[in-house]
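Here, each number is a calculation from the coordinates, and none is a lab measurement. Quantities reported herein were computed from a predicted structural model and do not represent experimental measurements. All Cβ positions, even for glycine, are placed from backbone atoms using ideal geometry, and neighbour counts span all protein chains on display.
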Amino acid sequence: MERRQVVVIGAGPSGAIAAALLKRQGHDVLIIERQLFPRFSIGESLLSHCLDFVEEAGMFDAVEAAGFQVKNGAAFAWGERYTHFDFGDTFSNGKPTTFQVQRATFDKLLADQAELQGVEIRYQEEITAAHFDGPQPQLRARREDGSEYTIEADFVLDASGYGRVLPRLLDLEAPSNFPIRQAVFTHIEDRIDDKHFDREKILVSIHPTHRDIWFWLIPFSDGRCSLGVVASAEHFQDKPEDLEACLRAFIDETPSLSGLLQNAVWDTPARTINGYSANVKTLHGPGFALLGNAAEFLDPVFSSGVTIAMRSASMAASLLHRQLQGETVDWHTEFSVPLKRGVDTFRAYVEGWYEGTFQDVIFHSDSPPEIRRMISAILAGYAWDERNPFVSEAKRRLRVISEVCASAAQ
Ligand code: FAD
């Protein structure tokens, strides 16, 4: 039986940040990671706010030096309509730029940084069982050669992302209230020669006739980009089974995007992920807390996943530090409730996106600059900034403004 202070399951962004923050406070931290890094992961467009946590974990200089594509905002296209938001001009005055990253490189860089700070990472080992009913949490780990061992810890942080280790093992899964959607995506050499195309922004394009179908185009610094489509099941029925052909068929229906990509070289097999929205009954329990995607995942449309993952890591690390020093902490009021506030802000905008209200607002030609700055702050990730009326009253504000835009358009 191995004895450790904190065990983190998974070395993705939430695991690496949480582990480094705890190590920096002097705690013993072990990460168990199922895969060998670098490994592919989807989720390449970062928001400004996530760099606040990269900085807190002492990793900002390494990320900045890595040569990732700088991102200064988000652009949206729908037929002839185009609008963009600039992270340098937001209500929350956060970081003006962030990055568009190949996640294989980015996640390895964060994990290496955590290791450099003294975190132990065991790759190619998988957590297969967990027991929280004894005096100390116990985890069962399986090595690559099939041998197994038990680790006892004071506390377990589950940062296992789509692996959802503790939600599965402790029966914490809860249904998401979003319908099942599917994403099909790839990396291409984009060869975009349109001089108006802005490589420093994610481009989100909406299908011309189905407003709930959308595409992401995330340029990287090497002339390549991540390209994907998101749609619900019924839209896939008349599409080819082959994933690349399927993605191309959606793009062919969307002239603004097919025009941009007319010279692209498709050199990487496409992938798909289905039914990715997920939720849990609780974010914590005696001896554990859930971080990032191991807890709740909403939807990719606002690129909020890594930011929520890192925010949860930062909050959990600071609470756990206090707890390990002997303080009593209330994980419900100090972790779940405040974390969910920002997640619920994103939820309101994701719902607005698929209802069409968010689209009505952003494409409206006369939206007041102050309102655009408030929306821009959320797009930059500052969804916990309660001073922003579009955070504190997200649903109501979005509904009222979209009604104003709709009546002005008539
Ligand atoms: P992960 O990055 O998934 O890391 C979890 C790690 O845990 C993995 O390395 C895994 O191998 C390991 N693990 C799993 N099970 C075990 C086990 N049993 N034992 C040990 N280790 C284990 N987010 C953005 O911010 N921007 C985007 O543009 C964006 N686009 C997206 C597009 C799509 C289609 C989807 C579905 C999601 C997108 N996301 C995006 C979300 C993003 O992918 C996730 O939110 C983010 O990766 C979560 O990070 P994490 O640290 O929680 O988990």
- Item | q = 0.13, 0.16, 0.25 Å⁻¹: log10 I(q)/I(0) that the Debye formula gives for the range 26-102, counting C-alpha atoms only | -0.56, -0.78, -1.27
- Note on the structure: Per-residue ellipticity at 222 nm attributable to helices in the chain (runs of n ≥ 4 DSSP H, -39500 (n - 2.57) apiece, nearest 500 deg cm²/dmol) works out to -10000 deg cm²/dmol
- Message: Please give the Cα centre distance for the range 299-315 versus the range 169-191, rounded to the nearest Å.
- Response: 14 Å
- Message: How far apart, in nanometres, would the label points at GLU200 and ASN279 be if each is projected 7 angstrom from Cα along the Cα-to-Cβ direction?
- Response: 3.9 nm
- May I have the extent of the alpha carbons of the chain along their three principal axes, as whole Å values ordered from largest to smallest? 66, 46, 41
- Message: If I take every Cα pair under 8 Å that is 6 or more residues apart in the range 356-409, average their sequence separation and divide by the length, what percent do I get for the relative contact order?
- Response: 47 percent
- Query: In the structure shown, do any of LYS340/LYS395; LYS195/LYS239; LYS108/LYS395; LYS195/LYS395; LYS23/LYS108; LYS95/LYS340 have a Cα-Cα gap over 26 Å, and if so which?
  - Reply: LYS195/LYS239; LYS108/LYS395; LYS195/LYS395
- If each K or R counts +1 and each D or E counts -1, the residues other than PHE178 whose Cβ falls under 14 Å of its Cβ total -4
- Message: Below 16 Å, Cα to Cα, which aspartates and glutamates can LYS281 reach? Residues fewer than 8 away in the same chain don't count.
- Response: ASP158, ASP171, GLU173, GLU296, ASP344
- Query: Ranking ARG271, ARG181 by Cβ neighbours within 10 Å, fewest first, what do you get?
  - Reply: ARG271, ARG181
- Message: Taking R0 as 22 Å, what FRET efficiency do you get between GLN25 and VAL70 from their Cβ-Cβ distance, rounded to the nearest 0.05?
- Response: 0.10
- Message: How far apart, in nanometres, would the label points at ASP238 and PHE40 be if each is projected 7 angstrom from Cα along the Cα-to-Cβ direction?
- Response: 2.9 nm
- Item | Counted charge near LYS201, where neighbours are those whose Cβ lies closer than 12 Å (Asp, Glu -1; Lys, Arg +1) | -1
- Task: For an R0 of 25 angstrom, estimate the FRET efficiency from the Cβ-Cβ distance between PHE132 and ARG322 and round to the nearest 0.05.
- Result: 0.75
- Item | Compactness of the range 181-274 as Cα Rg over 2.2 N^0.38 Å, two decimals | 1.01
- Query: Of the peptides 143-150, 320-327, 359-366, 51-58, how do they stack up when ordered by the mean number of other Cβ atoms within 10 Å, highest first?
  - Reply: 51-58, 359-366, 320-327, 143-150
- Query: Regarding the range 254-383, what are the three Cα extents along the principal axes, ordered largest first, in Å?
  - Reply: 60, 43, 22
- Filtered hits (aspartates and glutamates, Cα-Cα < 20 Å from LYS201, offset >= 8 within chain) -> GLU44, ASP52, GLU64, GLU80, ASP86, ASP89, GLU189, ASP190, ASP193, ASP222, ASP299
- Using Cα pairs under 8 angstrom and six or more residues apart, how large is the relative contact order of the chain, in percent? 22 percent
- Item | Size-normalised alpha-carbon gyration radius of the range 356-409, reference 2.2 N^0.38 Å | 1.06
- Query: How much length, in nm to one decimal, is gained on full extension between THR268 and GLU189, taken as 0.36 nm per residue of separation minus their Cα-Cα distance?
  - Reply: 27.5 nm
- Would you mind pulling out the separation of the Cα centroids of the range 217-269 and the range 42-63, in Å? 27 Å
- Message: Neighbour counts of other C-beta atoms within 10 Å: give me SER312, SER205 arranged from fewest to most.
- Response: SER205, SER312
